[in-house]
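Comments concern the structure below.
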Amino acid sequence: MNQSSATRRHLKRFMILASSYLAIAANVQAHGMQPNEADKAVSEVPAAISAIKDAGPAPEGMTDLKFREFFRLPVGPRGLEPTEKLISLDGKRVRIVGFMAHHETPMADAFILSPVPVTLGDEDESLADDLPASVIFVHAAQPEGRTIPFFPGLLRLTGTLSVGPHEEADGHVSAVRMQLDPDLTRLMLAGQPQK
């Protein structure tokens, strides 16, 4: 490996780490958490979903998907149009990295994964929120009516992708959804701290 590719890898890791800490700082400011609470929140992200470390190539039978690959750019007169890659991955297993949107009132068995940290207020914003267009609604493998705890920082999730409009329990209409893998569903519902 030459020095230039090693430098790019280190820069990429630094950017991922910096993004995570910026997300935590935003949550600290938005929710009045004390700094030591934010540090504790980082340690509570299970290693299986933390995107702090480079995970390498996707396992066989799974495709890496990035938020920028959801819709064609630039946006044309027909509005947002899904990319060929997004359409081709409908019903297939994917791996994606993003931030869990923080809801004042979380949905049961689901949450929103966003390319940027975002906090959604219920009373004052309702459906007129600051969600970017490219978000993915992540659903638990088995609906149990339970709330998945909020995990700050950059998360790496795997599951089966579903593409097309669908009305969600919170009133949003999702364009892209993912059914979380069962092992990650159990891990996130348990909210276990990183070992």
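Miscellaneous remarks
- Screening 106, 152 for residues that are assigned to a loop (DSSP other than H, G, I, E, B), buried (at least 16 other Cβ atoms within 10 Å of the Cβ) and in contact with a Ser or Thr (Cβ under 7 Å, 6 or more places away or on another chain) leaves exactly one candidate, 106.
- Tabulated pairs, region 66-84, first under 21 Å from residue 98 (Cα atoms) and of a type in the set (Val, Ile, Thr), second part of a loop (DSSP other than H, G, I, E, B) and open to solvent by less than 50 Å² (accessible area, probe 1.4 Å), C-beta under 8 angstrom, 6+ apart or interchain: 83/70
- Residue in region 127-141 that is over 21 Å from residue 80 (Cβ atoms) and in a loop (DSSP other than H, G, I, E, B) present: yes
- Members of region 155-175 that are of a type in the set (Asp, Glu), open to solvent by 20 Å² or more (accessible area, probe 1.4 Å) and assigned to a loop (DSSP other than H, G, I, E, B): 170
- Only one entry of 152, 132 meets the criterion of being under 20 Å from residue 180 (Cα atoms) and not hydrophobic (A, V, I, L, M, F, W, C), and that entry is 152.
- Counting only residues that are within 15 Å of residue 153 (Cβ to Cβ), open to solvent by 50 Å² or more (accessible area, probe 1.4 Å) and at pLDDT below 50, region 36-76 holds 4 of them.
- Screening residue 187 on (1) open to solvent by 30 Å² or more (accessible area, probe 1.4 Å); (2) aliphatic (A, V, I, L, M); (3) in a strand (DSSP E or B) shows it passes everything except condition (3).
The values are calculated or read from the model by the stated rules, or taken from the named source; none is laboratory data. Because the structure is a prediction, the values reported are computed rather than measured. As a convention, Cβ positions derive from the backbone with ideal geometry for all residues, glycine included, and neighbour counts pool all protein chains shown. Accessible surface areas use protein heavy atoms only, side chains included; no ligands, DNA or RNA. Shrake-Rupley method; radii C 1.70, N 1.55, O 1.52, S 1.80 Å.
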